[in-house]
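To start, the structure under review is shown below, and the notes come after it.
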Amino acid sequence: MKLKRIYAFLMALGLVLMLSLTASGASQSGIRILVNGKEVDDSSAYISQGGTAMVALRTIAEALGCEVTWDPMTRTAAVTSVPAQPEEEPQYSALVVLDPGHGGEAEGASYGGVQEKDLNLAIAAQAAKLLEEAGVTVVMTRTDDSYVDLYDRSGLANDMNADLFVSVHCNANVDHDDAAGIYTCAYGEGTNGWRLAQLLHQTMRGATGAGDFGMEERPNLAVLRTSLMPAALVECGFMSTPAELELLVQPEYQAKLARGIADGVLAYLAQ
């Protein structure tokens, strides 16, 4: 058995193909043709007197998903690559209300000159953009540094018959300056809101690599108690922990948090 490797470069519309052939025997029969590891048949293939394996151009081109045409007038063989059809990303027809916590005179937590209300808005705005790119209709309870009453936040979502409500916050712990991680909560376990909070918890941690500060039932929170649709509240990290605050102010980390929020919402909508 004699092993031969032939490299055939086909140039058509910028297409370069590499062919690996295995030739067995010295006669004109017994040629085994492999294209990308898959065996193809070509009864016309043969080994020339000089020991060169001769394989039809059409055999190789079609095995690689190309189209071959022949112009007898110009005696031209044209090999054209067929563009792969991109997989369509799922589009979601849903209305989601994102609620950047606090705003205006309600500053939220404040550490090192950084105010929670500003972090919440920056993260939620990026999450909204990602969701809109996926086809989701997004309404924000605020788009600037304005005060919005707690009941007006869930009231907006209720009035619009929103499909989901997600309130975005950053955490703080006055007793422990080493607390860290993603925290999510919903009205109660076993609810659709709890499932939303679970998915957000997973995707936010996955996007950021942040620690796990757990999940909790929070029926006392107004935005969760009064929302008529599945609702969850996320805490993106602890401003009271210097190392985590250093991350929270970074645009790159805010983008990761936004990606995690968007992924969690999309995962819920895809169920």
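The values are calculated or read from the model by the stated rules, or taken from the named source; none is laboratory data. Worth saying up front: this structure is predicted, and the values here are computed from it rather than measured. Glycine also receives a Cβ, built like all others from the backbone with ideal geometry; neighbour counts cover every protein chain displayed. What goes into the accessible areas is simple: the full protein's heavy atoms, side chains included, and nothing from ligands, DNA or RNA. Shrake-Rupley method; radii C 1.70, N 1.55, O 1.52, S 1.80 Å.
Can you find even one residue in segment 166-176 that is surrounded by fewer than 20 Cβ atoms within 10 Å (Cβ to Cβ), over 20 Å from residue 141 (Cα atoms), polar (S, T, N, Q) and over 27 Å from the mean Cα position of the chain (by Cα)? The answer is yes; a qualifying residue exists.
One residue stands out in segment 14-49 among those that are within 23 Å of residue 83 (Cβ to Cβ) and at pLDDT below 50: the one that is surrounded by the fewest Cβ atoms within 10 Å (Cβ to Cβ), namely 14.
Confirm whether residue 2 is more than 30 Å from residue 172 (Cβ to Cβ), at pLDDT 80 or above, of a type in the set (Lys, Arg) and open to solvent by 80 Å² or more (accessible area, probe 1.4 Å).
Considered against the rule, which asks whether it is more than 30 Å from residue 172 (Cβ to Cβ), at pLDDT 80 or above, of a type in the set (Lys, Arg) and open to solvent by 80 Å² or more (accessible area, probe 1.4 Å), residue 2 comes out as no.
Candidates in segment 182-198 are the residues that are of a type in the set (Ser, Thr, Tyr) and farther than 19 Å from residue 237 by Cβ; of these, the one that is surrounded by the fewest Cβ atoms within 10 Å (Cβ to Cβ) is 191.
Residues that are of a type in the set (D, E, K, R) and farther than 20 Å from residue 201 by Cα were ranked within segment 148-165; the one that is least open to solvent (accessible area, probe 1.4 Å) is 153.
Of the numbered conditions (1) more than 26 Å from residue 136 (Cα to Cα); (2) assigned to a strand (DSSP E or B), residue 245 fails exactly one; give the number of that condition. Evaluating residue 245 over (1) more than 26 Å from residue 136 (Cα to Cα); (2) assigned to a strand (DSSP E or B) leaves (2) as the failure.
Whether a residue is surrounded by fewer than 20 Cβ atoms within 10 Å (Cβ to Cβ) and either farther than 21 Å from residue 124 by Cβ or at pLDDT 95 or above (or both) was assessed, and residue 216 passes this test. Please tell me if residue 58 is at pLDDT below 85 and either in contact with an Asp or Glu (Cβ under 8 Å, 6 or more places away or on another chain) or surrounded by 15 or more Cβ atoms within 10 Å (Cβ to Cβ) (or both). Yes; evaluated as a whole, the condition is true for this residue.
Of the residues making up segment 127-149, those that are more than 16 Å from residue 167 (Cα to Cα) and assigned to a loop (DSSP other than H, G, I, E, B) number 3. Does at least one position in segment 224-231 carry a residue that is assigned to a strand (DSSP E or B), closer than 13 Å to residue 167 by Cα and of a type in the set (D, E, K, R)? No, because not a single residue in segment 224-231 is assigned to a strand (DSSP E or B), closer than 13 Å to residue 167 by Cα and of a type in the set (D, E, K, R).
The condition (being among the small types (Gly, Ala, Ser) and closer than 18 Å to residue 227 by Cβ) is satisfied by just one residue among 124, 172, 180, 134: 124.
Of the listed requirements (1) surrounded by 15 or more Cβ atoms within 10 Å (Cβ to Cβ); (2) within 19 Å of residue 259 (Cβ to Cβ), residue 129 misses just one: (1). Scanning segment 138-170 for residues that are more than 23 Å from residue 210 (Cβ to Cβ) and in contact with an Asp or Glu (Cβ under 9 Å, 6 or more places away or on another chain) yields 138, 140, 141, 142, 145, 147, 148, 153, 154, 155, 156, 157.
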